[in-house]
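The structure appears right after this line, and notes come after that.
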Amino acid sequence: MRDPKRIIELLAPVYGMPVLQPSGDPLAELILTILSQNTSDTNSGRAFISLMRRFPSWRAMADAPLGEIEAAIQPGGLARQKAPRIQAVLRAVEARSPDLDLAFLRGLPLEEARAWLRSLPGVGPKTAACVLLFSLGLPALPVDTHVERVAKRLGLVPERTPADRAHDLLEALVDPADYYPFHMLLIKHGRRTCSARKPACDRCPLLACPSRLEPPVEAPAAPA
């Protein structure tokens with residue numbers, strides 16, 4: 001199945017059609033995306049709220065002792081790894097944009113804005129795309145583990161494609177107007193149906209999936 005529009009048409013009735021509502025705050029989206037890595041949305045949201053309550057400004061966060069950031073984001077998990085990443089990003093942003101406001105990205109050509117974000121420490125293609133799409137409504141397609149797994153099972157990208165290359169291939173394949181619903185629907189499908197270990201192919205609406213598992217054949221009943 002290599003038709004992204006058809007995939008959206010089949011998944012939307014199951015999970016609901018997502019509607020993009022950009023947050024308008026790219027720096028907050030950047031920090032939230034860092035917090036969301038390798039944890040649930042609930043935990044990352046809790047950590048983000050704790051962080052916002054702990055510090056009165058981004059500058060205060062950039063200048064704070066690292067342990068204070070770590071303590072604030074503890075509810076999100078991996079605090080020791082994420083705290084230094086957050087502070088390194090904030091300091092890098094401040095060095096290049098002293099007001100710590102990334103709204104200027106909206107006025108840049110898309111690839112220039114993407115490159116600006118990718119130049120920050122530890123910011124890869126998924127994080128950059130999340131910031132561009134979710135905060136500014138710009139046409140970028142984030143490819144997380146769920147999107148990548150489902151896309152490979154559907155044959156949209158070759159199985160051995162590296163994550164960075166999967167971003168490029170999917171952005172070229174999907175209509176930019178469909179980036180948001182495609183992203184959100186594949187995430188929901190990957191979490192609820194097409195899981196990593198035991199995909200529920202028996203209730204999957206994507207009947208043409210080339211990776212679809214055939215239901216087990218029941219052994220004939222033994223003669224009475």
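Residues whose amide H falls under 5 Å from that of ASP3, counting only those 5 or more places apart or on a different chain, are absent, with hydrogens built in the peptide plane.
How big is the shadow of the Cα convex hull of the stretch 8-49, averaged over all directions, in nm²?
Its Cα hull, projected and averaged over all orientations, spans 4.0 nm².
Under a Gaussian network description of the chain, with springs only between Cα atoms under 10 Å, the residue in ILE187, ILE73, ILE49 that fluctuates furthest is ILE49. Our coupling estimate for the stretch 82-96, obtained by passing each phi through the Karplus curve with A = 6.51, B = -1.76, C = 1.60 and θ = phi - 60°, is 7, 4, x, 5, 4, 5, 5, 5, 4, 5, 5, 5, 4, 5, 10 Hz, Gly and Pro reported as x.
Here, the stretch 1-124 has an Rg and a Dmax of 16.8, 51 Å when only alpha carbons are counted.
Over all orientations, the stretch 83-143 has a Cα convex hull whose mean projected area works out to 4.0 square nanometres.
With Cβ to Cβ distances under 15 Å as the rule, what net charge do the other residues near ILE187 carry (K, R +1; D, E -1)? Counting the neighbours of ILE187, the net charge comes to +3.
Rounded, prolate or oblate: which fits the stretch 116-217 when a ≥ b ≥ c are the square roots of the eigenvalues of the alpha-carbon gyration tensor, with rounded for a/c under 1.5 and prolate only if a/b beats b/c? It comes out prolate by the Cα gyration axes.
In the stretch 1-109, carbon and sulfur make up what percent of the accessible area (probe 1.4 Å)?
Its accessible area is 52 percent carbon and sulfur atoms.
Calculated from the structure at hand, Rg/Rh (Cα atoms, Kirkwood Rh) is found among (i) 1.10; (ii) 0.97; (iii) 1.06 as (iii).
Taking every protein chain into account, the accessible area of the chain amounts to 52 square angstrom per residue (probe 1.4 Å). Counting only alpha carbon atoms, the long axis of helix 26-36 and the longest principal axis of the chain meet at about 50°.
Rounded, prolate or oblate: pick one for the stretch 61-176, where a ≥ b ≥ c are the square roots of the eigenvalues of its C-alpha gyration tensor, a/c under 1.5 means rounded, and failing that, prolate if a/b is larger than b/c, else oblate. Judged from the Cα gyration tensor, the stretch 61-176 comes out oblate (a/c at least 1.5, b/c at or above a/b).
The values are calculated or read from the model by the stated rules, or taken from the named source; none is laboratory data. The structure displayed is predicted, hence computed values, not measured ones. Here the Cβ is made from the backbone with ideal geometry for all residues, glycine too, and neighbour counts use every protein chain on show. To get the accessible areas, we keep the full protein, side chains included, count just its heavy atoms, and leave off ligands, DNA and RNA. Shrake-Rupley method; radii C 1.70, N 1.55, O 1.52, S 1.80 Å.
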